[in-house]
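So the structure is just underneath, and the comments pick up after that.
The values are calculated or read from the model by the stated rules, or taken from the named source; none is laboratory data. Because the structure is a prediction, the values reported are computed rather than measured. Cβ atoms come from the backbone with ideal geometry, glycine included; neighbour counts cover every protein chain shown. Accessible surface is based on the protein model in full, side chains and every heavy atom, while ligands, DNA and RNA are left aside. Shrake-Rupley method; radii C 1.70, N 1.55, O 1.52, S 1.80 Å.
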Amino acid sequence: MTAHAQRLPSGSVDLASIPTDRTRGFSGAKKEGKQALVDLGPELSELQERLYAHGRKGSARRILLVLQGMDTSGKGGTLRHTVGLVDPQGVRIMSFKAPTEEERAHDFLWRIRRALPGPGIVGVFDRSHYEDVLVPRVHGLVDETELERRYAAINDFERELTEGGTTILKCLLHISPDEQKKRLLARLAQPSKHWKYNPHDVDERARWADYRRAYEIAVERTNTDVAPWYLLPSDSKWYRNLAIGELLLETLRGFDLDWPAADFDVDAERARLTGETPVA
């Protein structure tokens with residue numbers, strides 16, 4: 001699978017015409033797909049640790065993985081099964097809900113800036129600044145002029161981040177309404193998952209077409225060369241996890257990072273520990 005093949009081309013977007021259950025680029029079944037993700041683990045973990053090490057040594061490079069999608073599309077599952085393959089000390093996960101009173105007193109990007117990953121970190125946004133153009137459009141909370149201002153502000157913001165060393169991976173987790181219904185019913189069927197069920201999700205589900213259009217517009221306005229969108233068919237959880245894992249791995253490989261060179265005399269430090277005379 002070539003993960004970057006999931007990148008959406010620029011131009012108009014028609015989500016209704018794009019299958020949510022395809023497994024493009026992978027010919028195996030679920031069992032093979034889950035094993036393929038596990039097999040990515042060692043290399044993914046090592047490359048992420050190299051990124052973290054370079055951050056500790058002054059590099060500004062970092063990754064921001066943005067996960068957007070309808071309820072039950074798999075943001076939490078991606079965190080557990082894919083992001084969970086790497087060392088947690090090099091990961092920062094942030095989840096954005098409805099803005100607080102303090103956050104509403106500032107521009108919509110204020111809370112996002114406060115949550116950005118530091119150098120060497122893989123930052124993950126479980127929902128993101130895109131909530132501030134999706135929900136307001138669907139519920140009519142702001143007018144069209146303000147929405148357009150926000151799209152432009154997002155593009156400027158993401159360009160600023162990339163110029164400062166951040167690689168942004170924006171993933172739209174694309175599921176069908178039928179699959180969402182199945183997952184919501186599964187939560188109701190298991191008492192151990194009742195805590196994950198939110199009756200409000202059913203209210204938002206009734207606005208499916210509105211959300212789909214809001215996503216289409218947001219993607220069209222913000223699918224830039226510096227911060228492109230990737231569309232991940234997510235009816236198959238294993239495929240979604242694998243595709244994001246491959247996207248992360250390809251990105252880290254592209255950094256071509258070796259381990260940082262020691263900024264001290266290795267032989268002298270070894271001699272200090274062993275009591276031996278360092279080799280001249």
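From largest to smallest, what semi-axes in whole angstrom does the stretch 70-190 give when each is the square root of 5 times an eigenvalue of its alpha carbon gyration tensor? Let's see the in-between values first.
Working: eigenvalues 128, 101, 34 Å².
So the three semi-axes of the stretch 70-190 are 25, 23, 13 Å.
Which of the GluC sites (Glu not before Pro) across the stretch 176-280 are loop residues per DSSP, with 15 or fewer other Cβ within 10 Å?
Hits after loop and neighbour filter: E276.
Considering the zone a paramagnetic label at A153 would reach in this model (a point 7 Å from Cα along the Cα-to-Cβ line), which residues of the stretch 85-114 have amide N under 15 Å from it?
Inside the label zone: 99-100, 102-114.
Skip the ligands, DNA and RNA, and give the accessible area per residue of the stretch 74-184 with a 1.4 Å probe, whole Å². Walk me through the intermediate numbers first.
Working: 4960 Å² over 111 residues.
Per residue, the stretch 74-184 has 45 Å² of solvent-accessible surface.
Return the Rg/Rh ratio of the stretch 77-123 with Cα-based radii and a Kirkwood Rh. Please report the intermediate quantities before stating the final value.
Details: Rg = 13.2 Å, Rh = 12.3 Å.
Looking at the stretch 77-123, the ratio lands at 1.07.
Taking only the C-alpha atoms, wrap a convex hull around the stretch 160-208 and report its volume per residue in Å³ as a whole number.
Numbers: hull volume 6.6 nm³, N = 49.
Per residue, the Cα convex hull of the stretch 160-208 comes to 134 Å³.
Taking only the alpha-carbon positions of the stretch 14-82 and ignoring solvent, what does the Debye formula give for the base-10 log of I(q)/I(0) at q = 0.19, 0.24, 0.25, 0.26 Å⁻¹?
Taken in order of the listed q values, log10 I(q)/I(0) reads -1.04, -1.21, -1.23, -1.24.
Counting other Cβ atoms within 10 Å, which trypsin sites (Lys or Arg not before Pro) in the stretch 56-101 have at most 15 and lie in a DSSP loop? All intermediate terms of the calculation are to be shown ahead of the outcome.
Numbers: sites: R56, K57, R61, R62, K75, R80, R92, K97; in loops: K57, R61, K97.
Passing sites in the stretch 56-101 are K57, K97.
Expressed as cubic angstrom per residue, what is the convex hull volume of the alpha carbon set of the stretch 135-229? Don't jump to the answer; show the numbers that get you there.
Details: hull volume 11.9 nm³, N = 95.
Taking only Cα atoms, the stretch 135-229 has a hull volume of 125 Å³ per residue.
Using a 1.4 Å probe over the heavy atoms of the protein chains, calculate the carbon and sulfur portion of the accessible area of the stretch 124-249 as a whole percent. List each step's numbers first, then the result.
Values: 2630 of 5260 Å².
Reported share for carbon and sulfur atoms: 50 percent.
Probe radius 1.4 Å, ligands and nucleic acids ignored: give me the carbon and sulfur share of the accessible area of the stretch 22-83 as a rounded percent. Spell out each step's value before the answer.
Details: 1430 of 2940 Å².
In the stretch 22-83, the share of accessible area belonging to carbon and sulfur is 49 percent.
Among Q190, Q35, Q68, which one shows the highest mean-square fluctuation when the chain is modelled as a Gaussian network with alpha-carbon springs under 10 Å?
Q190
Computed over the Cα atoms of the chain, what is the convex hull's projected area averaged over all directions, in nm²?
Taking a quarter of the hull surface, the average projection is 18.9 nm².
Where the centroid of each part is defined by its Cα atoms, how far is the stretch 52-126 from the stretch 142-189 in Å?
If you average the Cα positions of each part, the centres end up 13 Å apart.
Let me see the P(r) profile for the stretch 190-280: every Cα-Cα distance counted, bins of 10 Å, each bin given as a percent of all pairs.
Pair shares across the bins are 11, 18, 24, 15, 11, 11, 8, 1.
Remind me, relative contact order of the stretch 77-209 in percent, using alpha carbon pairs under 8 angstrom and six or more residues apart?
On the way: 60 pairs, mean separation 22.5, N = 133.
Reported as a whole number, the value is 17 percent.
Which of V83, V202, V266 moves the most in a Gaussian network model of the chain with Cα springs under 10 Å?
Ranking V83, V202, V266 by mean-square fluctuation puts V266 first.
Can you give the relative contact order of the chain as a percent, counting alpha carbon pairs under 8 Å and 6+ residues apart? All intermediate terms of the calculation are to be shown ahead of the outcome.
Numbers: 377 pairs, mean separation 95.7, N = 280.
Relative contact order for the chain comes out at 34 percent.
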